[in-house]
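Report on the structure given below.
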Amino acid sequence: MKAFALDGFGEQGSVRDLPVPDPVEGQLRLRVVAAGTNPFDVAVVQGHVKDHMEHRFPLVPGMDASGTVDGLGDGVQGYAVGDEVFGAVGKMYLGEGTLAELTTVSAGSVTHKLPSVDHTVAAAIPTAGVTALNMADALALSEGQTVVVVGATGGVGSYFVQLAARRGARVVAVCRGENADYARRLGAADVVDYSAGDVVDAVRTHYPDGIDAVADVHGDAEQLAKLTEQVPSGGRLASVVGAVDIEALGARGIEGTNVQGRVTTESLEILFGMLEAGEIVAPEIRTYPLADAGEALAAVATGHVRGKIVVVVQ
């Protein structure tokens with residue numbers, strides 16, 4: 001099979017022939033049609049996760065995919081060869097990812113895909129969508145509350161803005177000015193252009209009475225610390241990059257959460273149901289062919305992707 005792989009951290013990687021993986025107990029083998037990319041994939045190929053998870057080489061990156069079932073491991077029920085599914089790899093190690101014609105995935109981290117949703121759209125959902133859903137739950141947003149979203153127009157942000165707006169929150173999107181209209185289409189009520197001035201000053205000026213919550217997708221620790229000064233006791237703060245000091249915030253009466261993006265069948269079904277019902281829409285998606293997977297990851301690494309980047313495999 002063809003796969004994008006690298007032999008060492010920091011390498012550019014290349015598309016090459018690799019053996020077809022066999023599904024073990026509890027896994028499906030997936031013929032990948034489209035693979036979603038995430039900042040986590042960049043962290044993997046750059047070696048930033050090497051001390052936290054096992055890596056197997058040649059390393060094929062990629063966590064998310066949509067495609068058709070090509071094989072079944074022992075104990076898998078509810079799926080058959082030829083079924084269209086989407087989800088995440090769900091493995092305890094890295095290196096057998098989705099930037100390949102075939103990959104193996106845990107049955108507990110995928111679900112069925114209906115024909116009405118394109119594989120490219122489905123591949124953009126798992127990690128970003130589930131992380132956003134978990135963040136929305138952690139912040140427990142309610143009608144009329146104000147939440148500032150730092151990094152509002154990337155993958156996670158594109159889903160979170162919609163989820164927060166649907167829960168009745170007033171969403172303040174922090175993004176580049178060129179993405180302001182996109183943020184508003186997703187449901188943002190207000191936009192702060194971080195390239196036009198100090199974000200904290202802008203938030204303080206527009207919301208002198210404070211804000212109820214902060215959703216941190218970007219990871220600027222200094223800016224986040226200053227923003228928390230605008231959150232009163234009883235407020236909430238959530239970060240997807242581990243930037244929350246839970247104890248320090250707790251001492252001020254603020255509930256802090258470092259959100260994880262663990263993908264499960266249940267969480268995928270919630271998001272897919274919302275997409276099918278028109279309650280949320282797919283983020284803006286830019287596609288690359290498998291031959292240009294390295295360029296796709298380089299684009300993700302800039303930190304300035306609007307929406308999602310998906311690699312079309314076949």
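The values are calculated or read from the model by the stated rules, or taken from the named source; none is laboratory data. Every value quoted in this text rests on a predicted model; they were computed, and no experiment measured them. A quick note on method: Cβ atoms are made from the backbone with ideal geometry, for glycine too, and the neighbour counts reach across all protein chains shown. Only protein heavy atoms, including side chains, enter the accessible area calculation; ligands, DNA and RNA are left aside. Shrake-Rupley method; radii C 1.70, N 1.55, O 1.52, S 1.80 Å.
Descriptive notes on the structure:
- Residues in the stretch 31-70 that are surrounded by fewer than 21 Cβ atoms within 10 Å (Cβ to Cβ) and on the phi > 0 side of the Ramachandran plot: 47 alone.
- Test: residue in the stretch 1-11 that is among the acidic types (Asp, Glu), in a strand (DSSP E or B) and surrounded by 13 or more Cβ atoms within 10 Å (Cβ to Cβ): no
- From 271, 249, residue being crowded, with 20+ Cβ neighbours inside 10 Å and either of a type outside the set (Lys, Arg) or in contact with a His (Cβ under 7 Å, 6 or more places away or on another chain) (or both): 271
- Restricting 153, 120, 146, 131 to those that are more than 18 Å from the chain's Cα centre (by Cα) and either hydroxyl-bearing (Ser, Thr, Tyr) or farther than 30 Å from residue 76 by Cβ (or both) reduces the list to 146.
Rundown of residues vs (1) buried (at least 23 other Cβ atoms within 10 Å of the Cβ); (2) out of contact with any Gly (no Cβ under 8 Å at 6 or more places or on another chain); (3) among the β-branched types (Val, Ile, Thr), yes/no style:
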{"residue": "81", "(1), (2), (3)": "no, no, yes"}
{"residue": "93", "(1), (2), (3)": "no, yes, no"}
{"residue": "113", "(1), (2), (3)": "yes, yes, no"}
{"residue": "126", "(1), (2), (3)": "yes, no, no"}
{"residue": "132", "(1), (2), (3)": "yes, no, no"}
{"residue": "137", "(1), (2), (3)": "no, yes, no"}
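- Which listed residue is touching a residue at least 40 places away in the same chain (Cβ under 8 Å), more than 14 Å from the chain's Cα centre (by Cα) and closer than 29 Å to residue 84 by Cα, from 305, 300, 281: 281
- Residues that are of a type outside the set (Val, Ile, Thr) number at least 3 in the following strands (runs of 3 or more DSSP E) confined to the stretch 211-314: 213-216, 236-239, 255-258, 285-289.
- The condition (being assigned to a loop (DSSP other than H, G, I, E, B) and either open to solvent by 70 Å² or more (accessible area, probe 1.4 Å) or touching a helix residue (DSSP H, G or I) at 6+ places or on another chain (Cβ under 9 Å) (or both)) is satisfied by just one residue among 183, 188: 188.
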